[in-house]
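Novice: Provided herewith is a single structure, encoded as structure tokens, for subsequent inquiry.
Bear in mind these aren't lab numbers, they're just calculated from the coordinates by the rules spelled out. Since we're looking at a predicted model, the values are computed, not measured. Cβ placement follows ideal geometry from the backbone for every residue including glycine, while neighbour counts extend to all protein chains displayed.
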Ligand code: ATP
């Protein structure tokens with residue numbers, strides 16, 4: 001088997017006495033969408049923030065393309081192709097859509113005007129409204145802007161923290177359609193979600209988190225077809 005794009009080994013994250021992540025391991029193969037699902041407080045954001053260099057792990061190893069990035073800061077990871085779309089999106093509402101994209105583009109060379117134009121083609125709603133404040137976009141559109149901004153770095157791996165949070169079901173579908181497109185364009189995706197069923201439908205592989213530990217892992221299809229898992233973790237709906 002070829003080397004995974006990302007390999008997380010025995011990762012632990014603590015905040016003082018709170019052990020948020022307790023020795024988890026998983027791999028992400030290039031070209032796939034892998035999801036970590038779990039309830040509020042299960043440790044999903046801590047894992048993704050540790051991978052992207054925002055939070056310092058207390059133990060464990062993180063390999064990206066075979067190189068140890070366990071203690072590499074996020075600004076050094078972006079040019080290497082590892083980018084995070086943050087939870088809550090961090091869109092600057094009073095700045096225009098164009099300015100938000102230009103700001104995102106400043107940190108890397110690939111963020112040229114033509115790269116921004118490419119994003120306007122991919123996300124026409126952003127192009128049509130480029131001069132308007134980003135705060136005038138709907139929640140789903142703001143999520144698209146956040147994804148477009150991250151895609152300007154031409155990442156190999158994009159980390160997404162609950163992109164469907166707070167969105168109406170129809171808009172959730174639109175955001176997942178964008179995620180499918182990102183994947184189809186060749187970018188590998190690690191997605192953390194509370195919306196377990198929807199995330200597993202989009203993913204090839206899933207890991208179910210509880211109290212900072214992985215309690216079940218497998219092909220998404222198999223997890224979704226397992227009645228015990230559905231009852232225990234995904235609700236019966
Ligand atoms: P959510 O969906 O609420 O973001 P999550 O699954 O992403 O949940 P984390 O945010 O990683 O979970 O939190 C895991 C545990 O760590 C929780 O008990 C949380 O209260 C705690 N925690 C997270 N960040 C901090 C922090 N900065 N300081 C102290 N405790 C924290």
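Novice: Rank the residues 18, 125, 78 as a footprinting-exposure proxy: fewest other Cβ atoms within 10 Å of their Cβ go first. Mind dumping the intermediate values first?
Specialist: On the way: 18 10, 125 16, 78 19.
The order, fewest Cβ neighbours first, is 18, 125, 78.
Novice: What is the distance in Å between the Cα centres of region 108-184 and region 196-212?
Specialist: For region 108-184 versus region 196-212, the Cα centre distance is 22 Å.
Novice: Starting from the Cα of residue 211, step 7 Å along the direction of its Cβ; do the same at residue 30; then give the gap between the two resulting points in nm.
Specialist: For the pair residue 211/residue 30, the computed spacing is 3.9 nm.
Novice: May I have the extent of the alpha carbons of region 148-237 along their three principal axes, as whole Å values ordered from largest to smallest?
Specialist: Principal axes ranked by extent give 41, 26, 23 Å for the Cα atoms.
Novice: Further, regarding this structure: Using only Cα atoms, tell me the angle between helix 169-184 and the longest principal axis of the chain; keep it within 0 to 90° and round to the nearest 10.
Specialist: So the helix axis and the longest Cα principal axis differ by about 90 degrees.
Novice: Relative to the present Cα-Cα distance, how much length would full extension add between residue 131 and residue 177 at 0.36 nm per residue of separation?
Specialist: Numbers: separation 46, 0.36 × 46 = 16.56 nm, distance 2.48 nm.
Extra length available between residue 131 and residue 177 comes to 14.1 nm.
Novice: What spacing in nm lies between the two simple spin-label points modelled at residue 230 and residue 10, each 7 Å away from Cα in the Cβ direction?
Specialist: 3.8
Novice: Can I ask one more? Return one number: the angle in degrees, 0 to 90 and rounded to the nearest 10, between the long axis of the Cα atoms of helix 139-151 and the longest principal axis of the Cα atoms of the chain.
Specialist: Tilt of helix 139-151: around 90 degrees.
Novice: Give the calculated FRET efficiency between residue 194 and residue 58 to the nearest 0.05, with a Förster radius of 25 Å applied to their Cβ-Cβ distance. The partial results should precede the final answer.
Specialist: Numbers: r = 24 Å, r/R0 = 0.97.
Efficiency, from the Cβ-Cβ distance: 0.55.
Novice: Taking Cα atoms, how many degrees apart are the long axis of helix 97-106 and the longest axis of the chain, rounded to 10 and kept between 0 and 90?
Specialist: Helix 97-106 and the main axis of the chain meet at about 70 degrees.
Novice: In bins 5 Å wide, starting from 0, what share of all Cα pairs of region 35-102 does each bin hold, as a percent?
Specialist: 3, 14, 21, 21, 17, 13, 8, 3, 0
Novice: Enter the mean projected area of the convex hull around the alpha-carbon atoms of the chain, in nm², rounded to one decimal. Numbers along the way, then the final one.
Specialist: Details: hull surface 51.0 nm².
Mean orientational projected area (the chain, Cα hull): 12.8 nm².
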